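S.K.: Handing you a structure now.
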Amino acid sequence: MGMSPTSRKVLTGLSSLVLAAAGFAAAAPAQAQPIDEFAGPSHPYRHGVVPTKEAGAATAGKRTSNLNFGGGVDGIGVTTGAPKVYLIFWGSQWGTQGTDASGYTTLSGDPSGEAVRAQQLFKGLGTNGETWSGVMTQYCEGIASGSTSCPSTAAHVGYPTGGALAGVWVDTSAAAPGQATGNQLANEAIKAAGHFGNTTAASNRNVQYVVLSPTGTHPDGFNTTSGTFCAWHDWNGDTTLSGGAASSPYGDVAFTNDPYVTDMGTSCGQNYVNSGSAGLLDGVTMVFGHEYSETITDQNPAGGWTDSTGYENADKCAWKGTGGVGGSQNVTFATGSFAMQGTWANDYNGGAGGCEISHPIVP
């Protein structure tokens with residue numbers, strides 16, 4: 001988060017980077033940079049950024065305007081088929097790969113166990129009759145820009161029936177950069193598309209690539225004085241990416257910058273819902289779920305759903321507290337119980353809008 005706002009988030013003391021990649025044909029349209037309740041101008045490519053708890057808590061629960069449709073970028077607004085998530089563990093720092101008793105990939109360079117937890121989360125989405133994913137299914141594309149509701153005939157966000165996890169790749173071909181640029185993250189996602197055989201625009205239409213960096217690294221400045229965030233998402237063709245847009249031979253590629261969340265401790269959600277050792281990975285599932293929900297409702301930012309200040313659906317409900325209709329709480333999937341945050345529902349409270357943790361699935 002007279003032109004549509006992007007979901008550009010404001011991080012203290014940061015100035016915007018506008019770096020064009022030469023020769024990239026499918027560039028995102030230029031858009032005005034919104035100023036939201038976090039003070040100062042943002043890096044415009046950090047769409048749906050999860051601010052640290054300290055940076056975001058002051059405005060939690062104060063974002064009240066409904067989302068509106070951005071008209072699409074490259075004809076893409078939302079994920080309309082069953083969402084597919086590919087996890088990329090980037091870098092030799094992840095260590096030796098193994099498999100646990102449940103068939104999940106384990107990594108020796110993963111002291112907090114984030115790899116297994118991420119697999120459990122995305123494999124569990126769309127199972128156990130869960131309706132956390134139902135909140136997102138009210139949104140759609142193929143409607144007029146600026147619309148705040150969807151007719152039943154429109155192409156709605158898909159429900160991840162039977163799980164969203166589509167593949168896992170441990171790319172230990174080289175060390176992950178100590179501080180990867182947006183362009184490097186995008187290129188890793190494009191590389192992953194080739195690895196998984198998704199080599200056409202159609203095969204990437206309902207896909208997102210989650211690029212997970214190893215502990216001790218600082219992708220895009222994560223866990224530094226200039227990076228008060230926990231994660232963000234974007235697409236390869238965004239010309240404002242640090243380092244420039246990344247050219248893809250496989251069509252548009254949606255990706256997430258998911259750093260090693262537990263490196264930031266309580267600032268990125270550790271023990272936000274659960275106490276003690278049970279809450280070590282609360283922030284991991286809350287942050288990963290946040291970015292997943294925003295990617296499927298705003299796949300090529302900001303062509304999907306944002307509010308008038310550029311917030312996406314999960315931004316509006318971040319650090320809102322615990323419990324109730326829209327606060328963070330444990331949600332049970334077939335793969336376990338996970339701390340998740342609520343996301344914004346335009347149709348809540350008679351159309352006034354609000355945060356929900358559960359919503360009927362829209363067919």
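S.K.: Among the aspartates and glutamates, which fall within straight-line cross-link reach of Lys53, defined as a Cα-Cα distance under 19 Å, with same-chain neighbours fewer than 8 residues apart omitted?
M.R.: Within the straight-line cut-off, Lys53 pairs with Asp36, Glu37, Asp220, Asp258, Asp263, Asp282, Glu291, Glu294, Glu312, Asp315.
S.K.: Hey, what's the Cα Rg ratio for segment 212-363 versus the globular rule of thumb, 2.2 N^0.38 Å?
M.R.: Ratio of Rg to 2.2 N^0.38 Å for segment 212-363: 1.09.
S.K.: If ligands, DNA and RNA are left out, what is the accessible area of Lys320 with a 1.4 Å probe, given in Å² to the nearest 10?
M.R.: 90 Å²
S.K.: Further question: Going through the cross-link list Lys62/Lys123; Lys62/Lys84; Lys123/Lys191, which pairs have a Cα-Cα distance over 26 Å in this structure?
M.R.: Going by Cα-Cα distance, Lys62/Lys123; Lys62/Lys84 fall outside the 26 Å limit.
S.K.: I'd like the carbon and sulfur percentage of the solvent accessible area for the chain, probe radius 1.4 Å, heavy atoms only, ligands and nucleic acids excluded.
M.R.: The nonpolar share, carbon plus sulfur, comes to 52 percent.
S.K.: Here is a further query. Roughly what % antiparallel, to the nearest 5, for the DSSP beta bridges in the chain?
M.R.: Around 55 percent antiparallel, to the nearest 5.
S.K.: Using the alpha carbons of segment 134-236, what is the convex hull volume per residue in cubic angstrom, as a whole number?
M.R.: 161 Å³
S.K.: Just for the Cα atoms in the chain, what are the lengths along the principal axes, largest first, rounded to whole Å?
M.R.: Principal axes ranked by extent give 50, 49, 40 Å for the Cα atoms.
S.K.: Additional query: Below 8 Å between Cα atoms, with a sequence gap of 6+, how large is the relative contact order for segment 150-228 in percent?
M.R.: Result for segment 150-228 is 35 percent.
S.K.: Accessible area per residue, 1.4 Å probe, Å², for the chain: what's the number?
M.R.: Averaged over the residues of the chain, the accessible area is 33 Å².
S.K.: In deg cm²/dmol, rounded to 500, what helix-only [θ] at 222 nm does the chain give when every DSSP H run of at least 4 residues adds -39500 (n - 2.57) and the total is split over its residues?
M.R.: -4000 deg cm²/dmol
S.K.: Same structure, new question: Amide H to amide H, which residues 5 or more places from Ala155 or on other chains are under 5 Å from it, using H placed in the peptide plane?
M.R.: Sorted by chain and number, the residues that satisfy this are Glu141.
S.K.: In addition: Using θ = phi - 60° and the Karplus relation 6.51 cos²θ - 1.76 cosθ + 1.60, list the HN-Hα couplings for segment 201-215 in order, rounded to whole Hz, with x at every Gly or Pro.
M.R.: Listing the rounded values in order: 4, 5, 6, 9, 5, 10, 10, 9, 10, 9, 8, 9, 8, x, 4 Hz.
S.K.: Placing +1 at every Lys and Arg Cβ and -1 at every Asp and Glu Cβ, with all other atoms neutral, what dipole size does the chain have around its Cα centre, in debye to the nearest 20?
M.R.: With only Lys, Arg, Asp and Glu charged at Cβ, the dipole is about 120 debye.
The values are calculated or read from the model by the stated rules, or taken from the named source; none is laboratory data. Worth saying up front: this structure is predicted, and the values here are computed from it rather than measured. Positions of Cβ are backbone-derived with ideal geometry, glycine not excepted, and every protein chain shown enters the neighbour counts. Accessible surface areas use protein heavy atoms only, side chains included; no ligands, DNA or RNA. Shrake-Rupley method; radii C 1.70, N 1.55, O 1.52, S 1.80 Å.
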